[in-house]
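As structure tokens, the structure follows; a few thoughts come after it.
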Amino acid sequence: MVLQQAREVLAKHQITPIAAVGEPFDPNVHEALTQIPSAEHPPLTVLQEAEAGYRLHDRVLRPAKVLVAAPPPAES
């Protein structure tokens, strides 16, 4: 209930969350914490969001901290 009220207050002031999971990595709105090798996802795709990011209109208040897909290691 408190989380919902916090989201309503942010929305009232036009502060919106930044979409992250499943999106291509964008250094303007995402901060990569680490890369995870993945054969299922294309490289530089956001796999997980560690911390939500927010923007006010078009300005980034806080970038989303994310884990990003990397190409799987080459087999020898």
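The values are calculated or read from the model by the stated rules, or taken from the named source; none is laboratory data. Values in this document were obtained by computation on a predicted structure and should not be read as measured data. Counting neighbours? That spans all protein chains shown, and the Cβs are built from the backbone with ideal geometry, glycine included. Only protein heavy atoms, including side chains, enter the accessible area calculation; ligands, DNA and RNA are left aside. Shrake-Rupley method; radii C 1.70, N 1.55, O 1.52, S 1.80 Å.
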Checklist entry - What does the accessible area per residue of the chain come to in Å², with a 1.4 Å probe and no ligands, DNA or RNA counted? => result 73 Å²
Next on the checklist: 5 Å is the cut-off here: which amide hydrogens, built 1.01 Å from N in the peptide plane, fall below it relative to Asp26, excluding neighbours closer than 5 in sequence?
Outcome noted: none
Next on the checklist: For Rg and Dmax of the Cα atoms in Å, one of [x] 12.0, 37; [y] 15.0, 55; [z] 12.4, 40 was computed from the structure I shared and the rest are decoys. Which label?
Outcome noted: [y]
Checklist entry - Any idea how far the Cα center of the range 57-74 sits from the one of the range 1-51, in Å? => result 7 Å
Item to check | Given charges at Cβ of Lys, Arg, Asp, Glu: the chain dipole, positive-most of Pro43, Val66, Met1 | outcome: Met1
Checklist entry - When the accessible area of the chain is computed with all protein chains present and a 1.4 Å probe, what percentage of it is carbon and sulfur? => result 56 percent
Checklist entry - Anyone know which of His41, His30, His13 comes out most mobile in the 10 Å Cα GNM of the chain? => result His13
Item to check | Test item: Cα-centred dipole of the chain, Lys/Arg +1 and Asp/Glu -1 on Cβ, debye | outcome: 420 debye
